[in-house]
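Trainee: The structure is given below, and queries will be raised subsequently.
Only the coordinates and a few stated rules stand behind these numbers; no lab work does. Everything numeric in this text was worked out from a predicted model, so none of it was measured. Cβ atoms come from the backbone with ideal geometry, glycine included; neighbour counts cover every protein chain shown.
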Amino acid sequence: MSHEIPVIDISPLRVGAEKGCAETARALGRASRETGFFYISGHGMSPSTLQTVFDASHAFFGQPTEEKNRLAMSRLGRNRGYVGLGVERLDTRSKPDHKEAFNISLDETDADSVWPDIPGWRDIMRSYFSTCLDLGAALHRGFARDLGVEEDFFVKSFRNPQATLRLLHYPAPSTSWDEDVPGAGAHTDYGNVTILAVDSVSGLQVRPRGQDWIDAPLIPGTFICNIGDCLMRWSNDVYVSTPHRVLRPARERYSVAFFLDPDDDAIVDPILSGPEDHPHYPPVTGRDYLEERLNATYGRAERKNV
Ligand SMILES: O=C(O)CCC(=O)C(=O)O
Ligand SMILES: [Fe+2]
């Protein structure tokens, strides 16, 4: 069913080729309105660079639990650090997720103590993080064009974005992993856009509006991207943030998700499509919006189910 989720070459948006940009923006807009998911090619990242990121992820998760817990999210503070197996429950109606994760946010003031003690690790992740920021900026130039605002409309709201790079590890299936325990329960993402890299094991499923779950198979050389709730709100529900999940995978699985959310003080005020349109939501700051969603995920309030 890969035809449900299109592959879009985003190179024109990265290099600013005028003619290609218009076409690419239209393709991005179509996918963002229909399924809210699309694959991107032409992203400029070499397979060997991506492999370095996965190798570093293997090195982190391969450490003893005690070492991983040294950097536990509960110690490092909100939304960064290690989250162990079964701690998170993305779908509150199902069992906790059978995955472990490590969240990274890029903060120049970070002390050494928030990074794993693995040679080269920090530089690999920082470099990948900044490549993802550039890709996110290119995607936003396309969204802006498609939504009928200036191409640089989003720039002022992404000067210091609340972005998170999240390494994920789903252990090998075993007899102790019951089938009704998800890898990642059904959920929607909170931010504007997510850029996902998956190693060699598929497993992501997507539920487009009014349809049943479909597989999002791996397409070598691409990233899987999806619209999050914040951009759905910002686009006044023109774009769709689509539920997705990871079931128990066939084999051990690694993925790396980059979540791009606007600046703390960005004003997320719905973009109207014309004089007749009316906003579905009041304006909210990026900080208030993300905080509300994270509080819900980590049990500080009830989160929205899908
Ligand atoms: O690991 C995956 O393929 C998806 C993970 C995901 O959807 C998430 O962390 O929000
Ligand atoms: Fe997700």
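Trainee: Tell me the residue from 69, 79 that is among the polar types (S, T, N, Q) and over 25 Å from residue 131 (Cβ atoms), please.
Mentor: On the way: 79 fails: over 25 Å from residue 131 (Cβ atoms).
Of the residues listed, the single one that is among the polar types (S, T, N, Q) and over 25 Å from residue 131 (Cβ atoms) is 69.
Trainee: Do the conditions hold for residue 184, that is, is it among the aliphatic types (A, V, I, L, M) and either within 11 Å of ligand 2 (Cβ to nearest atom) or without any contact (Cβ under 8 Å) to a residue 60 or more places away in the chain (or both)? If you could, list the steps in order and put the result at the bottom.
Mentor: Values: among the aliphatic types (A, V, I, L, M): yes; either within 11 Å of ligand 2 (Cβ to nearest atom) or without any contact (Cβ under 8 Å) to a residue 60 or more places away in the chain (or both): yes.
Criteria met by residue 184.
Each row is one residue, and each column tells you yes or no for (1) among the hydroxyl-bearing types (Ser, Thr, Tyr); (2) away from ligand 2 (no atom under 16 Å from the Cβ); (3) buried (at least 23 other Cβ atoms within 10 Å of the Cβ).
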site: 222; (1), (2), (3): yes, yes, no
site: 227; (1), (2), (3): no, no, yes
site: 231; (1), (2), (3): no, no, yes
site: 234; (1), (2), (3): no, yes, yes
site: 247; (1), (2), (3): no, no, no
site: 252; (1), (2), (3): no, yes, no
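Trainee: Applying the selection to segment 160-193, what residues are away from ligand 1 (no atom under 13 Å from the Cβ) and charged (D, E, K, R)?
Mentor: Listed by number, the residues that qualify are 178, 179, 180.
Trainee: While we're on this one: Listed residues 105, 74; which is hydroxyl-bearing (Ser, Thr, Tyr), out of contact with any Asp or Glu (no Cβ under 8 Å at 6 or more places or on another chain) and buried (at least 17 other Cβ atoms within 10 Å of the Cβ)? If you could, list the steps in order and put the result at the bottom.
Mentor: Working: 74 fails: buried (at least 17 other Cβ atoms within 10 Å of the Cβ).
Just one listed residue meets the conditions, 105.
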